[in-house]
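Structure record follows, encoded as structure tokens.
The values are calculated or read from the model by the stated rules, or taken from the named source; none is laboratory data. What you see is a predicted model, and the numbers here were worked out from it, not measured in a lab. No Cβ is skipped: glycine too gets one built from the backbone with ideal geometry, and neighbour counts run over all protein chains shown.
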């Protein structure tokens, strides 16, 4: 947990009630390292550690546990990760730093229990190393150097970051798909976690695409969630695991990164609600970003030769899923093919062409409703 006097950010909807920001695992690891190294040098338990975040803000972290070894050759300090009001999988995680002396001069950093290890290329950390990203590595080193410069010991140090519950927490993240095995990643570029920001998830999507391409994938299957991803896996059992990426609501962002990374074919798999928006060119499909346009769905239904009465019913529908159920019951398969075709066209516009687009719409029960594919005109 950390205490500071910075202004609290307001939420993205502009409400007056502020949302409390939190701190990254990288910030916690840096603070724990500073406390552990200070304890090792002074042989005194530390209760707080103050570090400077990459954004230039000084923050003081509570040290919930600090101890030195009986032989005085190492010390440990622990920080509880505070994600603020952001629903983060790592909120409440125990971030532990153990600092020990090295006979030779210099600084060594590694990951211990609960910190994942990189097994696939394409990530900002080389294969074989602990999944501690570049900015947190720099933060940890700078926190240690601040202490070393103050006390000037004659030995080098070894820092090991661990997260006791990290392996279990990692099951709630994309780490396994990215090839990060054995725990969570130590992350953060600014040092703080902004409540309900999209940057962390977008970064994981971008990383997943890069890993897939680095592993040789040229056809990626982008899904909006777990059920649609499972359908995509059943649809393309020959593709490796890396080819399947949960893009969530960030359709345009994911497509642009696919184009940037040289992907040749993209298959979008999702359900009526989000893909009825994509069909209109809406590329951020969170339910708060844009409402479902039932007038548009009614027009597509008319194109599929539905009656005016049925189109009027669609305009008064409550959800896109209900419209899908109706069109399925009424036997208008062409409705779904047209909707998928519009999604493909929108995707090609978003990327200025240059790749093959395929769209698959499934029902809430995981049944196929529609499918379409378009070629790859150059931009």
State all residues of the range 41-58 that are over 25 Å from the mean Cα position of the chain (by Cα) and under 14 Å from residue 29 (Cα atoms); if no residue qualifies, say none.
48, 49, 50, 51
In the range 163-183, which residues are surrounded by fewer than 16 Cβ atoms within 10 Å (Cβ to Cβ), more than 13 Å from residue 90 (Cα to Cα) and either under 13 Å from the mean Cα position of the chain (by Cα) or without any contact (Cβ under 8 Å) to a residue 24 or more places away in the chain (or both)?
176
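Output the residue which, of all residues in the range 284-303 that are in a loop (DSSP other than H, G, I, E, B) and surrounded by fewer than 20 Cβ atoms within 10 Å (Cβ to Cβ), is modelled with the highest pLDDT. Step through it out loud before you land on a result.
Kept after step one, since they are in a loop (DSSP other than H, G, I, E, B), are these residues of the range 284-303: 285-293.
Checking which are surrounded by fewer than 20 Cβ atoms within 10 Å (Cβ to Cβ) leaves us with 286-291, 293.
Values: 286: 76, 287: 67, 288: 66, 289: 67, 290: 77, 291: 86, 293: 93.
So, considering only residues that are in a loop (DSSP other than H, G, I, E, B) and surrounded by fewer than 20 Cβ atoms within 10 Å (Cβ to Cβ), the one modelled with the highest pLDDT is 293.
Pick out the one residue from 270, 281 that is in the same structural domain as residue 350 (by TED's automatic domain parsing), crowded, with 24+ Cβ neighbours inside 10 Å and closer than 18 Å to residue 361 by Cβ. Explain how you work it out, then say what you get.
Details: 281 fails: crowded, with 24+ Cβ neighbours inside 10 Å.
Every option except 270 fails the conditions.
What helices (runs of 4 or more DSSP H) lie completely within the range 171-237 and have 2 or more residues being closer than 18 Å to residue 259 by Cβ?
Details: elements: 175-178, 199-214, 226-235.
Filter on the range 171-237 gives 199-214.
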Give the residues of the range 326-352 that are surrounded by fewer than 16 Cβ atoms within 10 Å (Cβ to Cβ) and more than 28 Å from the chain's Cα centre (by Cα), sorted by residue number.
329, 330, 331, 333
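Restricting to the range 304-325, and then to whatever is free of Cβ contacts under 8 Å to residues at least 12 places away in the same chain and closer than 13 Å to residue 273 by Cα, can you tell me which residue is surrounded by the fewest Cβ atoms within 10 Å (Cβ to Cβ)?
318
So if I check each of 174, 187, which one is in the same structural domain as residue 36 (by TED's automatic domain parsing) and over 27 Å from residue 74 (Cα atoms)?
174
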Scope the range 124-158; condition crowded, with 21+ Cβ neighbours inside 10 Å, closer than 17 Å to residue 24 by Cβ and touching a helix residue (DSSP H, G or I) at 6+ places or on another chain (Cβ under 6 Å); matching residues
136, 139, 140, 143
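Consider the range 92-123. How many of its residues are at negative phi, assigned to a loop (DSSP other than H, G, I, E, B) and surrounded by fewer than 19 Cβ atoms within 10 Å (Cβ to Cβ)?
Step one: of the range 92-123, the residues at negative phi are 93-105, 107-113, 115-121, 123.
Within this subset, residues satisfying the condition of being assigned to a loop (DSSP other than H, G, I, E, B) are 93, 103-105, 112-113, 116, 119-121, 123.
Imposing the further condition that a residue be surrounded by fewer than 19 Cβ atoms within 10 Å (Cβ to Cβ) reduces the set to 103-105, 112-113, 119-121.
Selection size over the range 92-123: 8.
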